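Colleague: This is the structure I have questions about; it appears just below.
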Amino acid sequence: MAATATAYGRLRDYQQLVGQFLTGPGLPLLFLGLGLWAFIGRTDAFVIGVVTGSVLALGAIGLTLIYGILKFAHFAHGDSMMLAAYIAFFALTGVMVGERTDTKVLPWTLSDLPGATKPILNFSFGYGLLMAMAIAAAIMVVVFIVLDRLIYRPLRRRRSGIVIFAIASLGVAIAMRSLILIFWSSFGRFYVPGIRPTTELPFGIRILTDQVFIFWAALVLSALTYVILFRTRLGKAMRAMADNPELALVSGINTDRIIIWTWVIGGGLVGIAGVMLALQAQLKPELGFVLLLPLFASTILGGIGSPQGAFVGAMVVGITEEVAVTLGFISPGYKFSVAFVILILMLLLRPRGLFGAKT
Amino acid sequence: MKLPAVLGGGALKGQIKGERLITPLTVLAITAAVVLMPAERSNWDVGGVISFLTFFATFVAIYGIFTLGLNVQWGYTGVFNFGVMAFFLVGANAAAIITKPPASTEYVRYVGGFGDKLAFIPVLDSEQWLPFLFGIAGAAIFAGLLAFLLSIPTLRLREDYLAIATIGVAEFLRRVTIEERGLVNGTRGLTGIPRPLGELVSTGDYKFVMLAIAVATLVLVYVAIERGIRSPWGRVLRALREDELTTAASGKNVFAFKSQGFVVGAMIMGIGGAIYAYANAAISPDTFTHFFGTFIFWAMLMVGGSGNNKGAILGAYVVWGFWTITLQLQGYTSEHPGPLGFALPDAVQSRIFFIRDFVLGTLIVVVLLLRPQGLLPEERRVSIWVERHAKHLGGARPPPAEQAESPPD
Amino acid sequence: MTTVLEASELVSGYGEVEILHGVSLRLDRGEIVAIIGPNGAGKSTFMKAVFGLLKIGSGTVHLEDEDITGMPPERIVRKGMCYVPQSENVFPSLSIQENLEMGAFIRRDGLRQRLDEIYGLFPDLAQRPQVRAGKLSGGQRQMLALARALMLDPTILLLDEPTASLAPKMVEDIFAKIHNINQTGVAILLVEQNAKEALSVCHRAYVLAGGHNRLEGTGPELLASEEVGKLYLGA
């Protein structure tokens, strides 16, 4: 009897040790170790994973800001990225779905600007795409602010629970997706048809040059967001609001203005993220919802409210997704379920994420 | 002057003129459309209209079952389940593989297939009803089991985390049914699901039998829930939803109750899935999407009135009615115009499904903003004594001590 | 003695529940006025109503002759009145310095100078200004909360139970600090559970119970009063 008691006790001790290890430095070390193995053992998948992670990062940073400052799970984030991507597509090609097939609706598009489609450097796109991306980002900012005024602010005034916000944003997500389907139907689309130029990386890996662009965009924007949050007055106020909205109000901070800035940054990032996503893969309406799980996994893994966490989390999710399907026993269809597994594990073991504050 | 709620102005109660009329008007409008449109389109063919309405009512009953299950989970237990699709899927597939005969060809592969073996009580044509009872039982058990397994890691999570987790679970399960082709025949799905009591009547009249089955199940589920809610167990559940902290302080094992409520709701959804499988006779992974398997039931519950069983059924009626009406509207093309020459422009006609989804998404938001209590508001009955002695308490509750910043939500 | 803050027959509460049934109070320039009373008397509610955090049913609040009844907090702060909530009164993930910067958010100029002045008043905070506020002890956090509210150089400081859940040594320190702050010319309105200490440090005090004014007097008067002693100074 006593023997089993001590054995059980020892088991509990081990369990506690593991728990402490994981909630402390253990988890980051674990990821580092796994990452190293993946880099060496599955380099191709690793590199693709980094690109996937870059796209996810662009979305996750906006998501983590909205989640941290506005305190709700923005279920419309994925579909917002898609809406942005389609707006850019429209600005570039002027194409919508007509009676049965595509028709060009706009008499003039960005592609008509001189040299707009001429590829920059070794990319597949010209400055036209960049302009389209800027327009999409601007429109998404406006859309977000309008939606906030119409929907989320009245709900905030009523002190609605997180559940109501979640359902509302889900309704918005569905409305966005339906809008896309109404105007552009479900055909897969490309910004630039045809073969795209590639680049050779060290270790003999070949990727699309566009993908290099996506990675750098994600890195630069993550760093930029970090700088804004930690070195500017506005950013500090945003973090203050994420910590304690009522105290921010009491200190005289114009919380409404901060909320608008949050949507501005979020909208801008969503615009860029959507276009990058479409650049990386094909443009399809369903992607919006499919992305939600990896986006949330990245955000929660990194720690809500932390842009550097969102970046790292997105990288982990992206790399894990790509590497996991190279393991023999996991079939490719399960790729997005990998994000789900990561999510559940994080919620159970370390809900504050990698960079979240210990409460 | 109060600003409209949409622009962030004051309280909402009584804001809309004739608020009391909204519920009866909505029901009237839906009923009228559902009856008159097919009537007009089929040139007043009574048989056709009756057939149409029978199918309509059958599915209203089935979706009502799902919404009732969701109400148990959310309205009564306070568990935010965004993975309803998972239980729908499990229930429907379980019922299908239990009642179907064994997989016979090499192109169709699935586990189970006990159909012919289950009719072992040689009474009353038992192969007409016994396997199907097993199917329903199996659906309920598997759905309940899934819910139980899920509850262990996830119920302690915060509500929004739970929502995300349940979405993930639902998606994962759907993936499994697609990838593991030997399980339920992969993407091709299961067809030829037998029909309960199918041999009793002619094929033409079977729809009435199915309707009866669906409605009977709905009624049974409704009665069971109503009894359950009034029981001591149900009272703890409701107390839990109102104030978890206090309920825990009075010694109730919060987790156990939450888990039970979650499981019961899931079982009901499983039963709904089983009846759906029988009614539809075919299911596949495409049947279960997040929109159609989860969101639509939330829409039904929100529209009808969360926390209210009658509201759940009413919501199913209204939302499915709307859904059906759009299907009918699609028929009004320029070649076959409706009354007064009503015809949808081609551009609208070809996209009517997307427009319908758009309206549904927007409708949910509008309901949340303008009428969050739904068509039939929740019946808040703590006790009659409290109601008599605390008229002025209204909706707000005072903070337990002065320290509270604002009333608990 | 000029009156800097005057509340008259204030009626307020939470949602549909009325807590204050007509409370009046006066605060003069440079005074420390304490509000004491039993739990649920409406002390914190009163302070929140004055600061615009709650809806006012009836009654008025005047700040130096200006009617600020129902004015939102962001505007009241600009008028020279700052508020320190009882709990959760710092930004845990921000550093001490950043917390102070947030306190002076609406002020664009003279930040560095004001920071130096505040660090002078709170030397403990000056030691490690980069430390995250979440890592501070209860007493240090309370000091930071006070410092944050002073960044705007307010005329009036509202303190909601500043010594709640603090060890006795810290309670002494806080009251000493309150005294210091008052010496610099800031009028202080103080809600306190710790009636004895509050009455020792204040100029005047009001006793609230059940959402009504019960007693009023100078600190020494109320300390000596038998009624107050019996009912409220037990602990």
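The values are calculated or read from the model by the stated rules, or taken from the named source; none is laboratory data. Every value quoted in this text rests on a predicted model; they were computed, and no experiment measured them. Every residue, glycine among them, receives a Cβ derived from its backbone with ideal geometry; neighbour counts consider all protein chains shown.
Colleague: Find all pairs meeting these conditions: Cβ atoms under 9 angstrom apart; at least six residues apart or on different chains; first residue within region A:283-296 and within 7 Å of chain B (Cβ to nearest Cβ) and more than 13 Å from residue A:86 (Cβ to Cβ); second residue modelled with pLDDT under 85 and surrounded by fewer than 21 Cβ atoms within 10 Å (Cβ to Cβ).
Modeller: Here the result reads A:293/A:336, each pair linking region A:283-296 to a residue that is modelled with pLDDT under 85 and surrounded by fewer than 21 Cβ atoms within 10 Å (Cβ to Cβ).
Colleague: So, one more: Give all pairs with beta carbons closer than 7 Å in which a residue from region B:267-278 that is under 9 Å from residue B:69 (Cα atoms) meets a residue that is of a type in the set (S, T, N, Q) and surrounded by 24 or more Cβ atoms within 10 Å (Cβ to Cβ); count only pairs at least 6 apart in sequence or on separate chains.
Modeller: none
Colleague: Another question about this same structure. When residues of region C:68-80 are filtered for being surrounded by fewer than 22 Cβ atoms within 10 Å (Cβ to Cβ) and either in contact with a strand residue (DSSP E or B) (Cβ under 6 Å, 6 or more places away or on another chain) or hydrophobic (A, V, I, L, M, F, W, C) (or both), how many remain? Spell out the reasoning first.
Modeller: Within region C:68-80, the first condition is being surrounded by fewer than 22 Cβ atoms within 10 Å (Cβ to Cβ), and the residues that meet it are C:68-75, C:78-80.
Okay, now just the ones that are also either in contact with a strand residue (DSSP E or B) (Cβ under 6 Å, 6 or more places away or on another chain) or hydrophobic (A, V, I, L, M, F, W, C) (or both), so C:68-71, C:79.
So the answer is 5.
Here's the yes/no breakdown for (1) in a strand (DSSP E or B); (2) modelled with pLDDT of 90 or more:
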residue	(1), (2)
C:1	no, no
C:13	yes, no
C:19	yes, no
C:24	yes, yes
C:27	yes, yes
C:33	yes, yes
C:41	no, no
C:45	no, yes
C:49	no, yes
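Colleague: Checking the condition within 9 Å of chain B (Cβ to nearest Cβ) and either in a helix (DSSP H, G or I) or not β-branched (Val, Ile, Thr) (or both), which residue from A:196, A:156 passes?
Modeller: The match here is A:156.
Colleague: Which pairs do you get when a residue that is more than 12 Å from chain A (Cβ to nearest Cβ) and under 12 Å from residue B:298 (Cα atoms), found in region B:367-378, comes within reach of a residue that is part of a helix (DSSP H, G or I) and of a type in the set (Gly, Ala, Ser), reach meaning Cβ atoms under 8 angstrom, with the pair 6+ apart or on two chains?
Modeller: Once the first residue is more than 12 Å from chain A (Cβ to nearest Cβ) and under 12 Å from residue B:298 (Cα atoms) and sits in region B:367-378, its partners that are part of a helix (DSSP H, G or I) and of a type in the set (Gly, Ala, Ser) give B:374/B:304; B:374/B:311; B:374/B:315.
Colleague: Of all residues in region A:135-186, how many are touching a strand residue (DSSP E or B) at 6+ places or on another chain (Cβ under 8 Å) and surrounded by 23 or more Cβ atoms within 10 Å (Cβ to Cβ)?
Modeller: 0
Colleague: In region A:297-318, what residues are within 12 Å of chain B (Cβ to nearest Cβ) and assigned to a loop (DSSP other than H, G, I, E, B)?
Modeller: Passing the criteria: only A:304.
Colleague: Separate question: Every residue in region C:48-75 that is within 14 Å of chain A (Cβ to nearest Cβ), of a type outside the set (Lys, Arg) and over 21 Å from residue C:20 (Cα atoms), please.
Modeller: Within region C:48-75, C:74 is the sole residue that qualifies.
Colleague: Restricting attention to region A:275-282, does a residue exist that is farther than 30 Å from residue C:83 by Cβ, surrounded by fewer than 20 Cβ atoms within 10 Å (Cβ to Cβ) and either hydroxyl-bearing (Ser, Thr, Tyr) or in contact (Cβ under 8 Å) with a residue 12 or more places away in the chain (or both)?
Modeller: yes
Colleague: Which condition breaks for residue A:184 when tested against (1) within 24 Å of the chain's Cα centre (by Cα); (2) modelled with pLDDT under 90; (3) more than 14 Å from chain B (Cβ to nearest Cβ); (4) within 30 Å of residue B:365 (Cβ to Cβ)?
Modeller: Looking at each condition in turn, residue A:184 falls short on (3).
Colleague: Hey, another quick one. If you check A:251, A:186, A:222, A:169, which single one turns out to be free of Cβ contacts under 8 Å to residues at least 24 places away in the same chain and either polar (S, T, N, Q) or in contact with a Phe, Trp or Tyr (Cβ under 7 Å, 6 or more places away or on another chain) (or both)?
Modeller: Result: A:251 is the single residue among A:251, A:186, A:222, A:169 that is free of Cβ contacts under 8 Å to residues at least 24 places away in the same chain and either polar (S, T, N, Q) or in contact with a Phe, Trp or Tyr (Cβ under 7 Å, 6 or more places away or on another chain) (or both).
Colleague: Of all residues in region C:82-125, count the ones that are among the β-branched types (Val, Ile, Thr), in contact (Cβ under 8 Å) with a residue 40 or more places away in the chain and either in contact with a strand residue (DSSP E or B) (Cβ under 7 Å, 6 or more places away or on another chain) or within 14 Å of residue C:146 (Cα to Cα) (or both).
Modeller: Final tally of qualifying residues: 3.
Colleague: Could you go through region C:25-38 and let me know if any residue there is over 22 Å from residue C:180 (Cβ atoms), in contact with a Leu (Cβ under 9 Å, 6 or more places away or on another chain), away from chain B (no Cβ under 14 Å) and without any contact (Cβ under 8 Å) to a residue 60 or more places away in the chain. Can you show your working first?
Modeller: In the first step, residues of region C:25-38 are kept if they are over 22 Å from residue C:180 (Cβ atoms); the result is C:25-26, C:37-38.
So of that shortlist, the ones also in contact with a Leu (Cβ under 9 Å, 6 or more places away or on another chain) come out as C:25-26, C:37-38.
After this cut, where a residue has to be away from chain B (no Cβ under 14 Å) as well, the list is C:25-26.
From what's left, without any contact (Cβ under 8 Å) to a residue 60 or more places away in the chain: C:26.
Looking for residues that are over 22 Å from residue C:180 (Cβ atoms), in contact with a Leu (Cβ under 9 Å, 6 or more places away or on another chain), away from chain B (no Cβ under 14 Å) and without any contact (Cβ under 8 Å) to a residue 60 or more places away in the chain, one finds at least one in region C:25-38, hence yes.
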